[in-house]
Amino acid sequence: MNKTLKVGIVGAGIGGVALARALRLRGIDAYLFERAGAFGEIGAGVQITPNAAKVLRALGLADQLDRVGFLPEAMVGRNWDTGRELFRTPLREICPRLFGADFYHVHRADVHAILCQDIPADRVRFNVQCVGVDRTAHGATARFSDGSSFEADLIVGADGIHSVVRDALWGQSKASFTGHMCWRALVPVAQHPLPFVSPDASFWMGPKAHIVTYYVKGGAAVNIVAVNESAEWVAESWTEPSTREELLAAYQGWHPNIIALFERVESSQTFKWGLFDRDPMQAWSQGRVTLLGDAAHPMLPFLSQGAAMAIEDGYVLAAALSHCPDVEAALRAYEAERRPRTARVQLEARERGRTYHLSTPEEQRQRDLEMQRQQAQNPNAVGIKAEWVYEYDATRCIERFDAEQAVA
């Protein structure tokens, strides 16, 4: 594409800043619009699986990722009350060889910081709330609550599950409460490792609940993600306050290692939120407006792919805009590459929510036996059946664009 493009990005979360960096590296002018007053992310962990690590490496962030990340030894499934291992899949040893990159545990704010570190100050506007998007003959215009507007060759909605840009294109629709609620907490670690938290991605599976624990901040803290089925609606907000006592009460009777970890949680650093979901979309774009990340494909966290999919989206969209003959062709290539993959991740994440939470002893026994059978067949198999997620390499998308154009 010869013409110098101007792209407006609504939302400066991980997906928005990943896109801005990818565009800037390709010489495309990107402007970010963020309703918060500054760059920043909620204090929680995120798993940068090999598929996302490949993109961050291509964006020139390999050294920074090594600096802020923690490399877990393995992915381990555990029984909720006995602690018995259901599966153990090596990660640190095998991921570079099998999937082409390492598997990292990172604090979400650290990922966000390295992605936005080179974005010029004059390319970001804070404290602006998008209220609508209008398509024009040769581009699109984003409108903001302060009465200002921004016209560009392309407007990208990277504004989350309750996306205003999405609503502007397809009308308002509510995300569905899944009946799951989630706690997040971060436990500082003075002594590493804690004797009751192994240096792994640990999946504790129990009746109608599961817990994931892993180290972040280079091992200086343990991130807790605790999911429980709830008949009561819980707000979809990462900043809804909770308490250590509420968390402990929800997991009474779980293994002593879980209780010992939860007892170290500080109530002021404990939050909860409801898990909401949407079905995969049939299209993301209209005219010169498109969607990215949770605005396009919100997903449950059970495959740990929300941030990874947004990072992949950003890379692929930037590559399409730099490689295709015009914006419309670029958006077609972007959707063709991304929609089938993200739809599968959305649906498979839902299924993990079911298999992690089996409620009867017989169902759990059958699941555990199947996991052990599969591991016996392939000791390197990922226990949550995510090899197909990790193998994908977004950085090779231009090769796929060319192959598809050759067939057409």
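To the nearest 10 degrees, how steep is helix 397-407 against the longest Cα principal axis of the chain, on a 0 to 90 scale?
Computed tilt is about 60 degrees.
Say a site is exposed when it is one of the GluC sites (Glu not before Pro), sits in a DSSP loop, and has at most 15 other Cβ atoms within 10 Å; what is then the longest site-free stretch of the chain?
267-408
How large is ³J(HN,Hα), in whole Hz, for each residue of the stretch 349-359 in order, when computed from phi with the Karplus curve 6.51 cos²θ - 1.76 cosθ + 1.60 and θ = phi - 60°, using x for Gly and Pro?
Values per residue, Gly and Pro as x: 5, 4, 5, 4, x, 6, 6, 5, 10, 3, 9 Hz.
Running Debye on the stretch 297-376 with equal point scatterers at the Cα sites and no solvent, what base-10 log of I(q)/I(0) appears at q = 0.14, 0.16, 0.19, 0.24 Å⁻¹?
-0.61, -0.70, -0.84, -1.05
Reachable aspartates and glutamates from LYS208, Cα under 16 Å, same-chain residues fewer than 8 places away excluded?
Cα-Cα hits under 16 Å: ASP81, GLU229, GLU232, GLU351, GLU362, GLU363, ASP368.
Given 0.36 nm per residue, what is the gain on full extension from GLU266 to GLN117 after removing their alpha carbon distance, in nm?
50.6 nm
Give the span of the stretch 1-145's Cα atoms along each principal axis, as three whole-Å numbers ordered largest to smallest.
Ordered largest first, the stretch 1-145 gives principal extents of 60, 36, 27 Å.
Estimate the FRET efficiency between GLU232 and SER148 by the formula 1/(1 + (r/R0)^6), using the beta-carbon distance for r and 41 Å for R0, to the nearest 0.05.
Computed FRET efficiency for GLU232 and SER148 comes out at 0.55.
Taking the stretch 161-227, which trypsin sites (Lys or Arg not before Pro) meet the DSSP loop condition and have no more than 15 other C-beta atoms within 10 Å?
Qualifying residues, ordered by number: LYS174, LYS208.
For ARG344 and LEU98, calculate 0.36 nm times their separation in residues minus their Cα-Cα distance, and state this gained length in nm to one decimal.
86.4 nm
What part of the accessible area of the stretch 192-275, given as a whole %, is carbon or sulfur when the probe is 1.4 angstrom?
51
Tell me the net charge near ASP66. Cut-off is 11 Å between Cβ atoms, ASP66 excluded, with +1 for each Lys or Arg and -1 for each Asp or Glu.
Residues near ASP66 contribute 0 overall.
Using 0.36 nm per residue of separation minus the Cα-Cα distance, give me the extension gain between LYS208 and ASP134 in nm, one decimal.
22.2 nm
At 1.4 Å probe size, with every protein chain present, just tell me what the per residue accessible area of the chain comes to in Å².
So the chain comes to 41 Å² accessible per residue, rounded to a whole number.
Can you say what percent of the DSSP beta bridges in the chain, counting only those with both residues inside, are antiparallel? Round to 5.
Looking only at bridges with both residues in the chain, the antiparallel portion is about 75 percent.
For the stretch 44-53, in order, what is each residue's ³J(HN,Hα) by Karplus, 6.51 cos²θ - 1.76 cosθ + 1.60 with θ = phi - 60°, in whole Hz (x at glycine and Pro)?
8, x, 8, 9, 9, 6, x, 4, 6, 4
So how compact is the chain: Cα radius of gyration and Dmax in angstrom?
Considering the chain through its Cα atoms, Rg and Dmax are 21.1, 63 Å.
In nm, to one decimal, how far is the modelled label at GLU328 from the one at SER359, with both set 7 Å along Cα→Cβ?
Roughly 5.2 nm, to one decimal.
Give the long-range amide H neighbours of ILE9: residues separated by 5 or more places, or on another chain, with amide H under 5 Å away, using H modelled in the peptide plane at 1.01 Å from N.
Counting only residues 5 or more places away or on other chains, the set is TYR31, LEU32, PHE33, VAL156.
Give me the distance in nm between label points sitting 7 Å out from Cα along the Cα-to-Cβ direction at THR178 and GLU391, one decimal.
Reported label-point gap for THR178 and GLU391 is 2.5 nm.
Counting each DSSP H run of 4 or more residues in the chain as -39500 (n - 2.57), what helix-only mean residue ellipticity at 222 nm follows after dividing by all residues, to the nearest 500 deg cm²/dmol?
Mean residue ellipticity, 222 nm, calculated: -10500 deg cm²/dmol.
Please go through the residue pairs LYS54/LYS174; LYS54/LYS217; LYS217/LYS272; LYS6/LYS217 and name each one whose alpha carbons sit more than 24 Å apart in this structure.
Pairs exceeding the cut-off: LYS54/LYS174; LYS6/LYS217.
On the accessible surface of the stretch 74-169, probed at 1.4 Å, how many percent belong to carbon and sulfur atoms?
Exposed carbon and sulfur together represent 45 percent of the surface.
The values are calculated or read from the model by the stated rules, or taken from the named source; none is laboratory data. The shown structure was predicted, so the numbers you read here are calculated from the model rather than taken from an experiment. Note that each Cβ is placed from the backbone with ideal geometry, even for glycine, and that neighbours are counted across all protein chains shown. For the accessible areas, the whole protein counts, side chains as well, though only heavy atoms, and no ligand, DNA or RNA atoms are used. Shrake-Rupley method; radii C 1.70, N 1.55, O 1.52, S 1.80 Å.
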